[in-house]
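Some notes on the structure that comes next.
The values are calculated or read from the model by the stated rules, or taken from the named source; none is laboratory data. The model shown is predicted, which means the values in this text are computed figures rather than measured ones. In this analysis, Cβ positions are derived from the backbone assuming ideal geometry, glycine residues included, and neighbour counts consider all displayed protein chains. Heavy atoms of the whole protein, side chains included, go into the accessibility calculation; ligands, DNA and RNA do not. Shrake-Rupley method; radii C 1.70, N 1.55, O 1.52, S 1.80 Å.
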Amino acid sequence: MPHSLHLTKITDLNDRHDIYGPIHKGLRKAQCDLLARLGNVDFGDARATADLLSDMRALLVLAAAHLEHEDRHIHDALRTRGAASVDRLDHQHDDHRATFAELETLLASIEAASAEERPGLGRRLYLAFGTYVAHDLEHMHEEETVAAPQLWSLFSDAEMMAIENRIVGSLPPEKAMAFMRLMIPAINPAERAALLGGMKQQAPREAFDAVIEFAARPNLSAAEFADLARRLDLVA
Ligand SMILES: [Fe+2]
């Protein structure tokens, strides 16, 4: 089925609050990185396989949490203001959840398999996850080119910031840290400075320091971290 690229809408991207941008960049990068690892891991190696499956489960938990955040905080808000096509996004989220259950079944079957059986099952997992990523890339594209303009037409930036703050405020600290680990290496230097600059101003000092030490420093190159430290005026 041809998939509209909504190119005119992409060029409309403006200075409005980009509620989807950073988290979607984080999910794209993490999911594509994981897909590449599924392609080059030695499924005969029990330790390497266990590490990969554990990382994959952790990522799927975050991806599922992200869908719930959008359902509860964005789709409901869109519905309240009479936006069209929210059902379509809901259905895409339901399809993702069904896929997560199938992927979990496959993960469990690999864990229960012998070293001889694992490469064949691993290939199935690689193909299945690749298809999920393909669907998710299209889904996120629709959110950023169709749902985001609807949000901009129905909500002020202050209202969108309030929606985002409700999502962030609903997260336990370890989940918030996990999302920061996804986003920080995936976004560009200016976006990184904006995200963490906002946190520096609003969050408790210990929480900000923890994100710098445990989410930013280990996930950025030395040059990227130096750039961030300069932009945020961090004392070495
Ligand atoms: Fe979504």
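I'm checking my understanding of the structure. Among residues of region 124-150 that are more than 14 Å from the ligand (Cβ to nearest atom) and free of Cβ contacts under 8 Å to residues at least 60 places away in the same chain, which one is surrounded by the most Cβ atoms within 10 Å (Cβ to Cβ)? This residue is Ala128. Surrounded by 17 or more Cβ atoms within 10 Å (Cβ to Cβ) and either in contact with a Lys or Arg (Cβ under 8 Å, 6 or more places away or on another chain) or on the phi > 0 side of the Ramachandran plot (or both) - does that describe any residue in region 78-96? Yes: one or more hits. Is it true that Thr99 is modelled with pLDDT of 95 or more, of a type in the set (Val, Ile, Thr), under 15 Å from Gly122 (Cβ atoms) and away from the ligand (no atom under 12 Å from the Cβ)? Considered against the rule, which asks whether it is modelled with pLDDT of 95 or more, of a type in the set (Val, Ile, Thr), under 15 Å from Gly122 (Cβ atoms) and away from the ligand (no atom under 12 Å from the Cβ), Thr99 comes out as no. Within region 108-123, restricting attention to residues that are touching a residue at least 24 places away in the same chain (Cβ under 8 Å) and open to solvent by less than 40 Å² (accessible area, probe 1.4 Å), the residue that is farthest from the ligand (Cβ to nearest atom) is Arg118. Could you list, in sequence order, the residues of region 15-67 that are among the β-branched types (Val, Ile, Thr) and either away from the ligand (no atom under 16 Å from the Cβ) or in a helix (DSSP H, G or I) (or both)? Passing the criteria: Ile23, Val41, Thr49, Val61.
Selection over region 151-169 of residues that are over 15 Å from the mean Cα position of the chain (by Cα) and either open to solvent by 30 Å² or more (accessible area, probe 1.4 Å) or closer than 22 Å to Asp33 by Cβ (or both) gives a count of 12. Against the list (1) loosely packed, with under 15 Cβ neighbours inside 10 Å; (2) on the phi < 0 side of the Ramachandran plot, the condition Met56 fails is (1).
For region 73-86, filtering for residues that are under 18 Å from Met140 (Cβ atoms) and either free of Cβ contacts under 8 Å to residues at least 40 places away in the same chain or not small (Gly, Ala, Ser) (or both) leaves 5.
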